[in-house]
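Below: the structure, in structure tokens.
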Amino acid sequence: MNEHQNDPNRPGGPLTPKPQPQSSSSRAGETIDDITSTLRDLFSRVPESVNKAVERALNVRDTTVLIRLSDASSDAIDTLVSAGIFKGRAEAAAFLIDEGIRAQSPLFQRIQSKLNEIERIREELRTSVSPEIQK
């Protein structure tokens, strides 16, 4: 799979830190400890409902779909992966699609209702035309 042009992790990308001269190995260790501490603090604030939604997205996969995304959508997915919330882009995309469908539940209910009505009318037409065809 091709790497995304705007991948923040690629060398020279927007999130690539500028090399800093290190005066000692202890300074590098402190920086890593600071980053680790910050990440732990960040992830400890993630609401439980998001954790549950992530679990659902990771555990239910029945269909593979190839899609094209805008740069903004692709960047958002890459952000979730870079943050370590998801292992890969597919997991992040599946999560966002599931959440979008859930958020638009009333729309999908209206659509399903109309589809049921269409099917009922089709069946009505089939039964009304069927005797005419048999003659």
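The values are calculated or read from the model by the stated rules, or taken from the named source; none is laboratory data. This structure is a prediction, so every number in the text was calculated from the model and none was measured. Positions of Cβ are backbone-derived with ideal geometry, glycine not excepted, and every protein chain shown enters the neighbour counts.
For the range 29-46, indicate whether the set of residues that are under 17 Å from the mean Cα position of the chain (by Cα) and at pLDDT below 90 is non-empty. Within the range 29-46, one or more residues are under 17 Å from the mean Cα position of the chain (by Cα) and at pLDDT below 90.
So if I check each of E119, E91, E99, which one is over 13 Å from the mean Cα position of the chain (by Cα), surrounded by 10 or more Cβ atoms within 10 Å (Cβ to Cβ) and on the phi < 0 side of the Ramachandran plot? Quick ask: steps written out before the conclusion?
Details: E91 fails: over 13 Å from the mean Cα position of the chain (by Cα); E99 fails: over 13 Å from the mean Cα position of the chain (by Cα).
Just one listed residue meets the conditions, E119.
Every listed requirement among (1) in contact with a helix residue (DSSP H, G or I) (Cβ under 6 Å, 6 or more places away or on another chain); (2) assigned to a loop (DSSP other than H, G, I, E, B) is met by L80 save one, (2). Whenever a residue of the range 64-90 is free of Cβ contacts under 8 Å to residues at least 60 places away in the same chain and within 18 Å of D41 (Cα to Cα), it has no partner that is surrounded by 12 or more Cβ atoms within 10 Å (Cβ to Cβ) and hydroxyl-bearing (S, T, Y) lying with C-beta atoms less than 6 angstrom away and at least six residues away or across chains.
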